[in-house]
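A.B. asks: My structure is below; once you've seen it, I'll send some questions.
The values are calculated or read from the model by the stated rules, or taken from the named source; none is laboratory data. Treat the numbers as computed from the prediction; the structure is a model and nothing was measured. Ideal geometry is used to build each Cβ from the backbone, glycine not excepted, and the neighbour counts take in all protein chains shown. The area values use the complete protein model at the heavy-atom level, side chains included, leaving out ligands, DNA and RNA. Shrake-Rupley method; radii C 1.70, N 1.55, O 1.52, S 1.80 Å.
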Amino acid sequence: MDVVIVGAGITGITAALLLAEKGRRVAVLEKETVAAGETGNTTAHITEAIDARYHYVKRHYSKEEARLVAEASRASIGKIAELVSRFSIDCHFKRVPGYLYTEKRKYVAELKNEAASAREAGLDAQWVTEVPLSFETRGAVLWPNQAQFHPREYLTALARRAVAAGAQIFENTFATKVDKGRVETEHGIVTAEHVFMATNVPIGGFTHVHVKAAAYRSYAMAFAETNAHPDGLFWDTADPYHYTRWQETNEGTFLITGGEDHRTGEEEDTDGCFERLASYTREYFGEHEERYRWSGQIIEPHGGLPLIGGSSTEVYVSTGYAGQGMTFGTAGAMLVSDLILGVPNPWADVFSPMRNRPHITTKEFITENMHFPAHLVSDRLTSAGVEAHSTEAVAAGEGKIIKVDGRKIAAYRDDGGALHCLSPVCTHMKCDVAWNPAERTWDCPCHGSRFTPTGDVLNGPAHEPLEKM
Ligand code: FES
């Protein structure tokens with residue numbers, strides 16, 4: 001193979017298509033199925049607006065780097081639009097405006113500054129006082145010509161096009177070890193000139209990347225919409241914040257709201273996150289019939305910008321999209337494809353996983369990374385997280401950390417009453433996992449690995465299951 005790509009989300013599939021169209025022999029390895037990971041859990045806001053904010057990038061990086069980030073965001077939306085049009089992909093793709101609005105006077109100056117900074121970076125953002133929502137706001141940054149689509153419809157069509165262009169996609173193929181030029185899977189070994197880890201976060205030994213990224217859970221709900229609604233993507237300035245849009249589908253129109261983010265593994269009442277989101281939706285958008293609820297993993301990068309490019313292990317990575325997965329996933333595919341093809345790309349330095357800007361975020365870096373040693377020490381030396389001392393305290397459908405004979409156990413009782421006992425020690429770097437009741441998963445607070453109730457890996461960086469006890 002010329003290129004082996006791990007992960008069949010938007011990054012991996014887009015890269016497979018771009019590389020296969022240039023005549024490269026490409027294999028994509030996916031542990032489940034196309035779009036089954038975070039791309040399938042997104043609410044698909046396709047936007048030039050960035051979580052880090054352009055005024056932050058201008059101040060802490062440079063004006064030129066803010067321009068490059070703006071250019072990458074705009075080019076990514078353009079690439080999605082081009083692929084949708086070129087392949088006539090029926091994915092309900094639509095250009096819509098985006099509104100970063102506030103209900104609080106104290107954020108007005110900051111948002112006006114953001115509009116000016118984004119414009120200076122080359123975008124068409126502007127401050128407006130009219131926001132097409134049914135409740136009052138203080139104004140918004142308007143981002144014209146953003147986009148939305150149904151992510152699974154887009155990606156499954158794109159995967160078929162990648163295969164038609166010559167790429168091979170191997171679903172249900174879990175990569176157990178990734179090195180320069182070589183990927184081990186449970187079915188065999190694939191060798192290639194280039195390896196691209198296109199998973200939400202790279203699995204295995206990419207410590208230099210993992211310490212620059214923090215994992216958060218974000219919650220989303222879809223409600224049947226029968227009323228007239230505005231076209232647009234909407235983001236507020238609350239803490240935790242909310243995002244809203246509407247989506248036409250073959251099943252009808254849905255109002256999709258999201259938010260209530262928290263660090264992975266650090267919220268005990270994850271059902272409460274959904275309840276708060278439901279109550280926010282009722283309060284701001286009225287009564288709607290709930291149809292779906294789900295959550296996704298967001299990777300917040302050190303320094304606010306994605307980490308895309310060659311890592312120190314000579315494996316390409318693309319992570320840290322900070323909630324802009326559709327936009328930066330596409331940017332990551334474009335950039336890494338260029339790097340593999342030897343085509344110069346002006347975005348390479350600003351997104352490099354090896355970038356070193358100690359003046360930017362030393363405090364942020366230390367704060368985020370104190371979680372790891374703090375958890376590790378308290379997990380090993382104390383009874384932190386222990387909720388009971390007997391398996392009888394674990395009800396059907398429930399997981400608990402219990403301590404029996406001096407040993408901590410991650411105990412889960414399935415709906416049939418059978419008990420599954422695991423070591424709570426995360427196989428990545430040995431923090432203890434915590435039970436996530438809303439999703440029935442074991443989540444690690446240190447770098448965001450997640451496991452099924454019976455210990456199989458759902459999200460890296462861990463790549464080995466929890467030990468059975
Ligand atoms: Fe790193 Fe668990 S994810 S220790």
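A.B. asks: Under the rule a/c < 1.5 gives rounded, and otherwise a/b versus b/c splits prolate from oblate, where does the range 130-174 land using the Cα gyration tensor?
C.D. replies: On the way: a/c = 4.65, a/b = 3.25, b/c = 1.43.
It comes out prolate by the Cα gyration axes.
A.B. asks: Continuing with the same structure: Kindly write out, for the range 433-442 in residue order, the coupling ³J(HN,Hα) from the Karplus curve 6.51 cos²θ - 1.76 cosθ + 1.60 (θ = phi - 60°), rounded to whole Hz, with x marking Gly and Pro.
C.D. replies: Listing the rounded values in order: 7, 10, 7, 10, x, 5, 10, 6, 9, 9 Hz.
A.B. asks: Hey, what number do you get for the chain at 222 nm if only DSSP H runs of n ≥ 4 count, each worth -39500 (n - 2.57), divided across all residues, to the nearest 500?
C.D. replies: Numbers: 10 runs with 135 residues, N = 469.
Roughly -9000 deg cm²/dmol at 222 nm, from the helical runs in the chain.
A.B. asks: For the chain, give the share of DSSP beta bridges that are antiparallel, in percent and rounded to the nearest 5; count only bridges with both residues there. Provide the component values of the computation, followed by the final result.
C.D. replies: On the way: 75 of 92 bridges.
Percentage antiparallel, nearest 5: 80.
A.B. asks: Determine the share of the range 207-288's accessible area contributed by carbon and sulfur atoms, expressed in whole percent, with a 1.4 angstrom probe. If you can, show how the numbers build up before the last one.
C.D. replies: Details: 1390 of 3110 Å².
Whole-percent figure for carbon plus sulfur exposure: 45.
A.B. asks: Beyond 21 Å, what percent of the Cα pairs of the range 171-260 remain?
C.D. replies: Details: 2302 of 4005 pairs.
So the pairs more than 21 Å apart make up 57 percent of the total in the range 171-260.
A.B. asks: Enumerate the lysines that LYS212 could reach by cross-link, defined here as Cα to Cα under 16 Å, with residues fewer than 8 away along the same chain left out.
C.D. replies: Once the sequence-local lysines are set aside, what remains near LYS212 is LYS363.
A.B. asks: Using only alpha carbon pairs under 8 Å that are at least six residues apart, calculate the relative contact order of the chain and give it in whole percent.
C.D. replies: On the way: 1069 pairs, mean separation 78.7, N = 469.
Once divided by the residue count of the chain, the mean separation gives 17 percent.
A.B. asks: Along the charge dipole of the range 197-248, pointing to its positive end and built from +1/-1 on Cβ of Lys, Arg, Asp and Glu, which listed residue (HIS208, TRP235, TRP246) has its Cα farthest out?
C.D. replies: After comparing all options, I get HIS208.
A.B. asks: I'd like to know how the chain sits against the 2.2 N^0.38 Å rule of thumb: what's its Cα Rg over that expected value?
C.D. replies: Normalised Cα radius of gyration, the chain: 0.96.
A.B. asks: Oh, and also: If the chain between LYS468 and ARG276 were fully stretched, how many nm would it gain, using 0.36 nm times the residue separation less the Cα-Cα distance?
C.D. replies: Values: separation 192, 0.36 × 192 = 69.12 nm, distance 3.49 nm.
Between LYS468 and ARG276, full extension yields an extra 65.6 nm.
A.B. asks: At q = 0.13, 0.18 Å⁻¹, work out log10 I(q)/I(0) for the range 165-316 with the Debye formula, treating every Cα as an identical point scatterer and leaving solvent out; two decimals please.
C.D. replies: -0.81, -1.06
A.B. asks: Which whole-Hz couplings ³J(HN,Hα) result when phi for each residue of the range 462-469 is put into the Karplus expression 6.51 cos²θ - 1.76 cosθ + 1.60, θ = phi - 60°, listed in order with x for Gly and Pro?
C.D. replies: Computed from phi, the couplings for the range 462-469 are 4, 10, 10, x, 5, 6, 6, 10 Hz.
A.B. asks: Taking 20 °C and 1.002 mPa s as the conditions, I'd like the Stokes-Einstein D for the range 17-143 in µm²/s, using the Kirkwood hydrodynamic radius from alpha carbon pairs. Please list the in-between numbers first.
C.D. replies: Working: Rh = 17.1 Å.
Value of D from the Cα-based Kirkwood radius: 126 µm²/s.
A.B. asks: Between GLU266 and PHE87, what is the spin-label point distance in nm, taking each point 7 Å from the Cα along the Cα→C-beta axis?
C.D. replies: 3.8 nm
A.B. asks: Roughly how many nanometres apart are two label points built 7 Å out from the Cα toward the Cβ at GLU64 and THR191?
C.D. replies: 4.1 nm
A.B. asks: Using only the Cα atoms of the range 398-462, what do you get for the radius of gyration and for Dmax, in Å?
C.D. replies: 11.1, 32
A.B. asks: Which three lengths, in whole Å and largest first, does the range 92-134 cover when its Cα atoms are put on their principal axes?
C.D. replies: Computed over the range 92-134, the largest-to-smallest principal extents equal 37, 31, 13 Å.
A.B. asks: Going by a 4.7 Å Cβ-Cβ cut-off, which cysteines of the chain have no partner at all?
C.D. replies: CYS91, CYS273, CYS421
A.B. asks: Mind ordering 129-136, 91-98, 181-188 by average Cβ neighbours within 10 Å, highest first? Write out the running numbers ahead of the final one.
C.D. replies: Details: 129-136: 12.4, 91-98: 18.9, 181-188: 14.9.
Ranked from most to least packed, the peptides come out as 91-98, 181-188, 129-136.
A.B. asks: In whole Hz, with x marking every Gly and Pro, tabulate ³J(HN,Hα) for the range 410-423 from phi via Karplus 6.51 cos²θ - 1.76 cosθ + 1.60, θ = phi - 60°.
C.D. replies: 8, 10, 10, 10, 6, 5, x, x, 6, 9, 10, 10, 10, 6
A.B. asks: May I ask you to list, by number, the DSSP H helices of the chain whose Cα span along the axis is at least 24 Å and whose average Kyte-Doolittle hydropathy reaches 1.0 or more? Mind showing how you got there, number by number?
C.D. replies: Numbers: long enough: 63-86 (34 Å, -0.17); 358-381 (35 Å, -0.33).
Long hydrophobic helices here: none detected.
A.B. asks: What's log10 of I(q)/I(0) for the range 57-99 at q = 0.15, 0.28 Å⁻¹, Debye sum over Cα points only, no solvent?
C.D. replies: -0.52, -0.95
A.B. asks: Right, here's the next one. Going through the cross-link list LYS22/LYS180; LYS177/LYS408; LYS408/LYS468; LYS58/LYS104; LYS22/LYS79, which pairs have a Cα-Cα distance over 18 Å in this structure?
C.D. replies: Values: LYS22/LYS180 22 Å; LYS177/LYS408 28 Å; LYS408/LYS468 12 Å; LYS58/LYS104 24 Å; LYS22/LYS79 16 Å.
Flagged as over cut-off: LYS22/LYS180; LYS177/LYS408; LYS58/LYS104.
A.B. asks: So how much slack lies between ASP239 and THR207, counting 0.36 nm per residue of separation and subtracting their Cα-Cα distance, in nm?
C.D. replies: On the way: separation 32, 0.36 × 32 = 11.52 nm, distance 2.97 nm.
The ASP239-THR207 span can extend by a further 8.6 nm.
A.B. asks: Using only the C-alpha atoms of the range 1-80, find the volume of their convex hull and express it per residue in Å³.
C.D. replies: On the way: hull volume 9.7 nm³, N = 80.
Taking the convex hull of the Cα positions in the range 1-80, it is 121 Å³ per residue.
A.B. asks: Here is a further query. Using a 1.4 angstrom probe, figure out how much accessible area the chain has per residue, in square angstrom, rounded to the nearest whole. Walk me through the intermediate numbers first.
C.D. replies: Details: 18940 Å² over 469 residues.
Normalised by residue count, the accessible surface of the chain is 40 Å².
A.B. asks: Alpha carbon centre of the range 398-469 versus the range 1-56: separation in Å?
C.D. replies: 28 Å
A.B. asks: Which residues' amide hydrogens lie under 5 Å from the amide hydrogen of THR176, considering only partners 5 or more residues apart or on another chain, with H built in the peptide plane?
C.D. replies: GLU184, THR185, GLU186
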